[in-house]
């Protein structure tokens with residue numbers, strides 16, 4: 001008699017394996033910090049700079065089940081239209097999906113993977129701004145599901161594809 005692995009459903013048919021995402025690697029792909037007005041920008045100022053954040057998530061297939069996920073964060077601090085500092089980070093991860101169909105992959109690749117990557121990217125940004133002579137920039141948590149919805153509505157990510 002042949003043995004089968006995996007759980008059986010109530011009718012005796014094998015159940016598909018549970019969906020899972022494996023994070024194979026995380027790394028800084030690109031990092032840039034600019035302090036164009038130093039040392040004047042490091043002097044005490046009466047008002048804090050205004051900070052503009054841009055966040056983007058993208059992914060590319062490495063194989064049918066593996067993806068490189070890119071979390072890009074740009075923060076520009078300005079005072080009266082003069083750049084105080086600019087930090088740009090592309091933080092990446094290689095993830096493998098198991099038990100996930102192509103149609104089900106966007107939430108895993110474009111929401112769950114960046115959610116797991118975010119604390120590490122946030123620490124890199126905070127360290128870069130601190131090392132640049134400024135107070136560390138701590139970015140508030142991001143709703144990656146909402147970001148995905150906005151990207152799909154804008155047509156930058158087709159629905160159903162990672």
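No value in this document is a laboratory result; all are computed from the given coordinates. Given the structure is predicted, the values throughout are model-derived calculations rather than measurements.
To the nearest 10 degrees, how steep is helix 113-131 against the longest Cα principal axis of the chain, on a 0 to 90 scale?
Tilt relative to the chain: about 20 degrees.
Taking only DSSP H segments of four or more residues, each worth -39500 (n - 2.57), what value at 222 nm results for the chain once the sum is divided by all its residues, to the nearest 500 deg cm²/dmol?
Estimated from H runs of four or more residues: -6000 deg cm²/dmol.
Considering only region 20-154, what is the antiparallel percent among its DSSP beta bridges, to the nearest 5?
100 percent
With N denoting the number of residues in region 20-154, provide Rg(C-alpha) divided by 2.2 N^0.38 Å, to two decimal places.
1.20
Counting pairs of alpha carbon atoms under 8 Å apart in space and at least six apart in sequence, what relative contact order in percent does the chain give?
Relative contact order here is 23 percent.
Using only Cα atoms, tell me the angle between helix 144-154 and the longest principal axis of the chain; keep it within 0 to 90° and round to the nearest 10.
The angle comes out at about 90 degrees.
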